Amino acid sequence: TLMLALSALLQACGGGSGGEADRDAYAGTTDNPGGVAVYNGSESTYLGTVSGLGSIVVNGVRFETTSAHVLDSDDLYGSTEYLSPMGMGMTVALQGSADETQWLGRANQIRLIGGVRGTLSAYAAQQMTVGGQTIVLNDQTIVVDASGATASLQVNDFVNVFGLMQADNTFLATRVQKASVADFVWDAAWRGQSNSAVSSSSGLGTDWTLSLSTGGTTPYTVTCPAASCRVEPAGADLSGLHAVRVLAANDSLRNGRSIVASRIQVLDATRVLSWAGSAASVTKIKGVASIEGTQWMTGGVPAA
């Protein structure tokens, strides 16, 4: 059973990265005179936004990642490794050991948590639309091109958006990566919360129909036919409320607010923070705190 220690940043427009800058200058201190990553921490799991590089900083802890196994966001429950450098604003689930008295740790396994992906059809200062889904931006949203250099956004750009779900089911962008037309080979993707599921048996498995809330008043209707769509991780039950990421080969499989999916990834905290062979006793989640009615969330994770 995971013990959730929620470290909320109670601010109206935060980006989940405040408070980490003072953790970067650990070299040459009394506790760590040579600047060597010396720590003796317990096994823990972390869910948050990358807020510093030079290894990576997650939830204020600088994790050494040299020997970590990093799973690609499109196969986060599989074995496909992410071979590119991680970037500021990416959202990750991490398993490893840490000593928070020194704010140092070593990551053993990392999952990149994917967000919304597709063609930018509308853009304003604090809002954009991708695949019909509205995405919120703030002053801390990082926008980069394929090389990682700071970039600007234009309608018809191909974008890969990392971020956090909010209590009203909108998606807050923490990092927007542009891609050229020639390099854009990814599936289209949407993020939201499934609030109902109806299954029917078939010879090949289970056909699912989901109502996917993404903010606003009209949810998406998502169909996942057993013959051509799979749920990840395998065997996950979609009944009830779940944080999900829906993927389709391209946006042509969306008709208004109806999507024929090729994959549905379940992104509940208990799923993304579950690791084979892990004996982690503490999970730490950090991010933007938001509330809608009586439901509040920290870092995109509902809190009771």
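The values are calculated or read from the model by the stated rules, or taken from the named source; none is laboratory data. These numbers were taken from a predicted model, which means no experiment stands behind them. Backbone-built Cβ (ideal geometry, glycine too); neighbour counts: all protein chains shown. Each accessible area value is taken on the protein alone, full model and side chains, heavy atoms only, with ligands, DNA and RNA left out. Shrake-Rupley method; radii C 1.70, N 1.55, O 1.52, S 1.80 Å.
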**OP:** Starting from region 255-273, take each residue that is on the phi < 0 side of the Ramachandran plot and β-branched (Val, Ile, Thr) and list its partners that are open to solvent by 40 Å² or more (accessible area, probe 1.4 Å) and part of a helix (DSSP H, G or I), counting only C-beta distances under 6 angstrom and pairs at least six apart or across chains.
**Re:** VAL260/LEU253
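Restricting to region 217-231, name every residue that is within 21 Å of the chain's Cα centre (by Cα) and open to solvent by 20 Å² or more (accessible area, probe 1.4 Å). Write out each step before concluding.
Keep residues of region 217-231 that are within 21 Å of the chain's Cα centre (by Cα), which gives 219-220, 222, 230-231.
Selection gives PRO219, ARG230, VAL231.
Return a yes/no flag: does region 248-257 have any residue that is under 17 Å from PHE171 (Cα atoms), open to solvent by less than 40 Å² (accessible area, probe 1.4 Å) and outside any helix (DSSP H, G or I). Can you show your working first?
Step one: list which residues in region 248-257 are under 17 Å from PHE171 (Cα atoms), which gives 257.
Right, trim to open to solvent by less than 40 Å² (accessible area, probe 1.4 Å) and you get none.
The answer is no, given that none of the residues of region 248-257 is under 17 Å from PHE171 (Cα atoms), open to solvent by less than 40 Å² (accessible area, probe 1.4 Å) and outside any helix (DSSP H, G or I).
Restrict the check to region 153-167 and report whether at least one residue is open to solvent by less than 60 Å² (accessible area, probe 1.4 Å), among the charged types (D, E, K, R) and modelled with pLDDT of 95 or more.
No: zero hits.
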Subject >> Test result for GLY89, assigned to a loop (DSSP other than H, G, I, E, B) and open to solvent by less than 30 Å² (accessible area, probe 1.4 Å) >> reply: yes
Original post:
Is it true that SER84 is at pLDDT below 95 and closer than 23 Å to VAL181 by Cβ?
Top reply: yes
